[in-house]
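Peer 1: Encoded as C-alpha cells, here's the structure I'll be asking about.
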Amino acid sequence: MAKAKTNSIIKRIVDVVMSVLLLFLMAYQVTGEALHEWIGIGMTALVLLHQILNCKWYSVFFKGKYNPYRMTTTILNILLLLGFALTAFCGMSMSGHAVPFLYGMAPMQFTRRMHLSMSYWTFVLMGLHLGMHVTTMFAGLRLKKTAKTVLTAFFIGIGGIGLGLFLKSGLPDYLFFRTPFAFLDYDKSGWLVFLENLLMLSFWALIGAQAARICRNASQKAGTKENPLIPVVVMMAAVIIGIVFLLVTRSSGNAEPFGETNPPAKQTQAARPGETAKASDPSRAESVPGKEDTMSREDHGSDNNIVEVQDGFRLIRGGAFLMGSPETENWRIDDETQHEVTVGAFYMDPYETTQREYIRLMGENPSTFIGEDLPLENITWTDAIRYANAKSVDAGLTPVYSISEGGVSWNLAANGYRLPTEAEWEYACRAGTQTPFNTERSLSAAEANFYGHYPYEIEENYFDNSVLEARPGEYRAKTVAVGSFTPNAWGLYDMHGNVNEWCWDYYGDYDTAAGDNPTGPASGTRHVYRGGGWNDFAKNMRSAYRAAGQEDMRSYNLGLRLVRNADNSRSGFVTAGETALQAETGGKILIAYFSWSGNTRGIAGEIRKQTGADLFEIRPVHPYSTDYNTVLMEAQEDQHKQARPELAEHLPNMDDYDIIILGYPNWWASIPMPIATFLEEYDLSGKTILPFCSHGGGRFGQSLTAIAKLAPNAVMGTGLSVHYSGGSKLPEDVAAWLDANHIKH
C-alpha cells in the first residue's frame, strides 16, 4: 500500500513538473535558445519517466472493455506521445547547445516546420490530456454545488480568454504548417508571456474536461446521467467569450490574427498565351485582337504613329513616370536613384515567354523546371537576343538585332521583337503606381510566385509580424504556369515573381540627364534583369529593384518577356559592346569564405580537400552573436544599412590569385555584409569568382547579383548552392561543380 501511495505521489509530482516545463518551453522569447534546448531535454527525460511510471497502462492495453472514455483517452495518449517524440527529434536535429552532435539528423527545412507545428500540437494535446484527467487529479476534493458552479464559470471565463489569445496569436497557422516561423513578441514582459500561455492551456484543459464528462455520461445508466447539453453549453460559452475577446481586441487596434489586414485581390483563372485575357475587374478592358487595349488607372499619354499588331501583345502607351525609388522606400538600394523618364509607346507580351514558344522556334529547352506553359528559364542574355530575332523572322518582321564579335547592335527602326529597356520594363510593371509593388500594398503569396515565407518588411519584423500588410504565405519552390495570378492594371501577368526577366540595358548608375527613351550605359560587363523570381524575397521584387548578371549567366529563375515597337518614328542604332572578360582557369586558387554555423566552413574544407587551394576565413572584428535569433536581427540590420563590417584579417597577396572561390551562407536572400567588405577591399579586375553558398531553401537568392555589382570587372563562374551542410553527397556535388568550371581536382 505504501509503495503504491509513493508511486502515486511521484506520478503527480512528475505531472506537475511536466506542466510547468511545458509553459517554459512555450516561452522561447523569455528563456532564449540555449535554455530552451536544455528545458526540452529535461522534458524529454520526464516524458520517458512518465511512461515508466505508467507502464501498467501498457500491460492492459489489449485487455478489458473500451468504453467511450477509455477509447478517447487512449487515442489522446498515443497522439500526445507521438507529438512529444516528433518535437524532441526535430529539436535535437536543430540543436546548437544541448546536443549539437545530433545537429542535421534530418533536413533542416523539414525539422524547423515540423518542430514548430508539433510543439503547438503537443501544447494543445497536453491541455486536453490534463482536462480529461482533472476529475481523477482532484478526486479527493468534496465541493458543494455552488462552489462547482462558481469554479465552472471562472474556468469558462479564463478559458474563453485563452481561446481568444490562441487565435489572436495566429497559432492555427503553426498547427497546420501555414507558416514556418514563430512570430514572438520579445518586448512582452516574461510574466505576461507565462500568463497568456497558461490561459491558452486552460482553454484546452476546459475542452478536455467537458469531453471527459460527455464520455463518462455516455457510459452511465439512464437514471444517473446528467443533462448531456451541460458540457456542450460550457464549451460553447467559452468559445463565445473567446470570439468576443478577439473582436474587442481587434477593434481596439490590435493586429488581425487571421491573415492580412487588407486581404489580397481574389485570384482569377488567367488566360494562357494565345487566348484572350479577361479582365479581373471592370476597370480592366478585355483584350480584343486588332484593337487597342484600354488601359486602367490613368490615361498615360497619347502617341502618334502607333502601328497596330495582332499577336496578343498589350499596347503600352507612352508617357512620363518617376523611375527608381524614393529615399523613403524601405529596403531600397543606392542604385535606384529616382528620376523622371519618358518612354514611347510599345507592345509588351502580357506573359513571360513560355517553354512551348522557345522550343517551337529554337528546338531546345534549357529550363530547369519542365512544362510547356511554364516560363522559359536558365537562358542567357545572348540566347534571349537570338530568340527575339528568331521570333521576328517567324512572324515576317524585321529582326531588331545584329550580332557580331564586336557586340550586339539594336536597330531602333526595326519592327521585330526585342528585349525591353530597363525603363520600359519598370514603366510597364508599375502601371501608373509609385508604390514598391504595382498592387499598391505589400505583395502576398496569393498574388505572385515568390518565396512567400518572406513577405515585404519581414526582415525587421521577423518575430512579430503584426505590423505587416502581408503575412508569410506559401513557398512553391518552383515556377508556375504563366498567367496564374491576377495581372497588373495594364493587363500584364507575373511582373512580380515567377522568373526574373532580362532587359536590354547594361547595368550601371542611372544617367538622370538621359530621360527620353533611355537605353542604358553604352558599355559594361553586366546586363540588367528585373522582377524577381520564385525563390526571391519580396524586397527583391519591388518595381524599382535592379538585378544584374553577365551576358552568359544562366539561372533557374531567370527568363524573359519580349516587347515590340509601337511607334515607327524611331530610328538609329544602339550598340552593346560587351567588355571582354575572359575566365581564368589555370592560375592560383584562393578559397575565401565567411561561416557562422559551420556549414560554409565544412563546404570550404571539402573544396580545399579536392583542389589543394589556399584557405582564407573572412572574419569580422566584432563577431556576430552565437544565438540564432539574435544573429537573424544583426544580419538584417547590417543588410538594411548596407554596413561594411571591419575584417579581422587581410590578405597581403591577393594579386597572386587568379581564381577566388567565394563562400558564404545565404542570409536574408543575399550575402552577409562581411562578404561585401571583402569584395570592396581588393581589386578583383580580371579575376574569376566562383561563388558557393549554404542555404535553407532559397538557393542563391539575390546573392549573385550582389557579388556581380560589387565586383563588376571580375568574371562570374558557375555557382554551387548547398542545402545546409550538403550531407553525404557533398563530395560528389563539389566535384561536379569544379568540373563545370574546369577546375582541376
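The values are calculated or read from the model by the stated rules, or taken from the named source; none is laboratory data. Remember, it's a predicted structure, so these values are computed and weren't measured experimentally. Neighbour counts run over all protein chains shown; Cβ positions are idealised from the backbone, glycine included. Accessible surface areas use protein heavy atoms only, side chains included; no ligands, DNA or RNA. Shrake-Rupley method; radii C 1.70, N 1.55, O 1.52, S 1.80 Å.
Peer 1: Using Cα centres only, tell me the gap between region 450-498 and region 54-122 in whole Å.
Peer 2: Using only Cα atoms, the two centres lie 34 Å from each other.
Peer 1: Next up: Over its Cα atoms, what ratio of radius of gyration to 2.2 N^0.38 Å does region 529-581 give?
Peer 2: Values: Rg = 14.9 Å, N = 53, 2.2 N^0.38 = 9.9 Å.
Taking the Cα Rg and dividing by 2.2 N^0.38 Å, one obtains 1.50.
Peer 1: A further question on this structure: Taking N as the number of residues in region 346-473, what is its alpha-carbon radius of gyration divided by 2.2 N^0.38 Å? Before the final figure, lay out each step's value.
Peer 2: On the way: Rg = 18.7 Å, N = 128, 2.2 N^0.38 = 13.9 Å.
Computed over Cα atoms of region 346-473, the ratio equals 1.35.
Peer 1: Ok, one more. Dividing the convex hull volume of the alpha carbon atoms of region 29-155 by its residue count, what do you get in Å³ per residue?
Peer 2: Considering the Cα atoms of region 29-155, their hull volume per residue is 165 Å³.
Peer 1: Still on this model: Determine one quarter of the surface area of the Cα convex hull of region 589-738, which equals its mean projected area, and express it in nm² to one decimal.
Peer 2: For the Cα atoms of region 589-738, the hull's average projected area reads 8.1 nm².
Peer 1: Once you charge only the Cβ atoms, +1 for Lys and Arg and -1 for Asp and Glu, what is the size of the charge dipole of region 533-689 about its Cα centre, to the nearest 20 debye?
Peer 2: On the way: 15 positive and 21 negative charges, 148 e Å.
It comes to approximately 700 debye.
Peer 1: Once you have all Cα-Cα distances for region 78-123, histogram them in 5 Å bins from zero and send the whole-percent values.
Peer 2: 5, 28, 30, 22, 12, 3
Peer 1: So what's the net charge close to D627: Lys and Arg +1, Asp and Glu -1, counting the other residues with Cβ under 15 Å from its Cβ? Spell out each step's value before the answer.
Peer 2: Numbers: positive: none; negative: E33, E37, E634, E637.
Net of charged neighbours comes to -4.
Peer 1: Can you compute the radius of gyration and Dmax for region 666-743, using only the Cα atoms, both in Å?
Peer 2: Rg, Dmax (Cα atoms, Å): 12.9, 36.
Peer 1: To the nearest 10 degrees, how steeply does helix 628-640 sit against the main Cα axis of the chain, on a 0 to 90 scale?
Peer 2: Rounded to the nearest ten degrees, it is 30.
Peer 1: With viscosity set to 0.692 mPa s at 37 °C, what whole-number translational diffusion coefficient in µm²/s follows for region 595-680 from Stokes-Einstein and a Kirkwood radius over Cα pairs?
Peer 2: Working: Rh = 13.9 Å.
Rounded to a whole number, D works out at 235 µm²/s.
Peer 1: Any idea of the accessible area per residue across the chain, 1.4 Å probe, to the nearest Å²? Before the final figure, lay out the partial values.
Peer 2: Working: 32730 Å² over 745 residues.
Spelled out: the 1.4 Å probe surface of the chain, per residue, equals 44 Å².
Peer 1: Additional query: So what's the projected area for region 532-637, the Cα convex hull averaged over all directions, in nm²? Intermediate values should be presented prior to the final figure.
Peer 2: Numbers: hull surface 48.0 nm².
About 12.0 nm², averaged over all directions.
Peer 1: Can you send over the carbon and sulfur percentage of the accessible area for region 1-66, probe radius 1.4 Å, protein chains only?
Peer 2: Values: 3180 of 4280 Å².
Carbon and sulfur together cover 74 percent of it.
Peer 1: Out of all DSSP beta bridges with both ends in the chain, state the antiparallel percent to the nearest 5. Please list the in-between numbers first.
Peer 2: Working: 32 of 60 bridges.
Here the antiparallel bridges make up roughly 55 percent for the chain.
Peer 1: Averaging sequence separations of C-alpha pairs under 8 Å and six or more residues apart, then dividing by the length of the chain, give the relative contact order as a whole percent. Numbers along the way, then the final one.
Peer 2: Numbers: 1422 pairs, mean separation 76.6, N = 745.
Rounded, it is 10 percent for the chain.
Peer 1: How large is the convex hull of the Cα atoms of the chain per residue, expressed in Å³ as a whole number? Could the numbers behind the result be given before it?
Peer 2: Numbers: hull volume 149.0 nm³, N = 745.
Output value, Cα hull per residue: 200 Å³.
Peer 1: Check which residues have an amide H placed less than 5 Å from S367's amide H, if you skip close sequence neighbours.
Peer 2: Amide H neighbours of S367: E377.
Peer 1: With contacts defined as alpha carbon pairs under 8 Å and 6 or more residues apart, what's the relative contact order of region 319-399 in percent?
Peer 2: Value for region 319-399: 20 percent.
Peer 1: Across all directions of projection, what mean area in square nanometres is found for the Cα convex hull of region 382-440? Show your work: numbers first, answer last.
Peer 2: On the way: hull surface 21.6 nm².
About 5.4 nm², averaged over all directions.
Peer 1: Can you give me the P(r) profile for region 493-576? Cα pairs, bins 10 angstrom wide beginning at 0, each as a whole percent.
Peer 2: Computed distribution, short to long bins: 16, 44, 33, 7, 0.
Peer 1: Follow-up question, since we're still on this one. Would you mind listing how long region 685-725 runs along its three principal axes, going by Cα atoms, in whole Å with the largest first?
Peer 2: Projected onto the principal axes, the Cα atoms of region 685-725 cover 31, 15, 11 Å.
Peer 1: Using the Karplus curve 6.51 cos²θ - 1.76 cosθ + 1.60 with θ = phi - 60°, what ³J(HN,Hα) values do you get for each residue of region 406-418, in whole Hz, with x for Gly and Pro?
Peer 2: Each residue of region 406-418 in turn: x, x, 10, 10, 9, 7, 4, 8, 5, 9, x, 8, 7 Hz.
Peer 1: Something else about it: Which listed residue (L590, P231, L315) has the Cα farthest towards the positive end of the charge dipole for the chain, taking +1 on Lys and Arg C-beta and -1 on Asp and Glu C-beta about the Cα centre?
Peer 2: Result: P231, furthest along the dipole toward the positive end.
Peer 1: While we're looking at this one, here's another question. Mind putting a number on the dipole of region 630-745 about its Cα centre? Charges go on the C-beta only, +1 for Lys and Arg and -1 for Asp and Glu, and I need it in Debye to the nearest 20.
Peer 2: Numbers: 7 positive and 14 negative charges, 89 e Å.
Around 420 debye, computed over region 630-745.
Peer 1: Further question: For I591, which sequence-distant residues (separation of 5 or more, or a different chain) have an amide H within less than 5 Å of its own amide H, given hydrogens modelled in the peptide plane?
Peer 2: Under 5 Å from the amide H of I591 lie the amide H atoms of D614, L615, F616, I661, each far enough along the sequence or on another chain.
Peer 1: For Cα pairs less than 8 Å apart in space and 6+ apart in sequence, what is the mean separation divided by the residue count of region 671-745, i.e. the relative contact order in percent?
Peer 2: Numbers: 79 pairs, mean separation 25.0, N = 75.
Taking the mean separation of contacting Cα pairs over the length of region 671-745, I get 33 percent.
Peer 1: Rounded to two decimal places and with Rh computed the Kirkwood way over Cα pairs, what is Rg over Rh for region 702-745? Could you put the intermediate results ahead of the total?
Peer 2: Details: Rg = 12.5 Å, Rh = 12.0 Å.
The Rg/Rh ratio comes out at 1.04.
Peer 1: Further question on the same structure: Which value at 222 nm does the chain reach when only helices count, each DSSP H run of 4 or more adding -39,500 (n - 2.57), with the total divided by all residues and rounded to the nearest 500 deg cm²/dmol? Could the numbers behind the result be given before it?
Peer 2: On the way: 19 runs with 276 residues, N = 745.
After summing the helix terms and dividing by the residues of the chain, the value is -12000 deg cm²/dmol.
Peer 1: Carbon and sulfur: what percent of region 549-673's accessible surface (1.4 Å probe)?
Peer 2: Numbers: 2440 of 5390 Å².
Carbon and sulfur atoms account for 45 percent of the accessible area of region 549-673.
Peer 1: Please compute, for the alpha-carbon atoms of region 435-514, the extent along each of the three principal axes and give them in descending order in Å.
Peer 2: Cα spread of region 435-514 along its principal axes, largest to smallest: 43, 30, 24 Å.
Peer 1: Could you give the Stokes-Einstein D for region 1-86 in µm² per second, using the C-alpha Kirkwood radius, 25 °C, 0.890 mPa s?
Peer 2: Numbers: Rh = 14.7 Å.
In µm²/s, the coefficient is 167.
Peer 1: Then there's this: Holding the Cα-Cα limit at 24 Å, pick out from K478/K729; K478/K744; K687/K744; K609/K709; K145/K221; K609/K687 the pairs that are longer than that. Can you show the working numbers first?
Peer 2: Details: K478/K729 22 Å; K478/K744 33 Å; K687/K744 17 Å; K609/K709 30 Å; K145/K221 22 Å; K609/K687 22 Å.
Long pairs (Cα-Cα over 24 Å): K478/K744; K609/K709.
Peer 1: In terms of modelled amide H atoms, which long-range or inter-chain residues lie less than 5 Å from the amide H of H527?
Peer 2: Amide H neighbours of H527, under 5 Å, 5+ apart: Y507, G549, Q550, E551.
Peer 1: For a quick check of understanding: with a 1.4 angstrom probe and all protein chains in place, what accessible area in square angstrom does I156 have, to the nearest ten?
Peer 2: Around 30 Å² of this residue is reachable by solvent.
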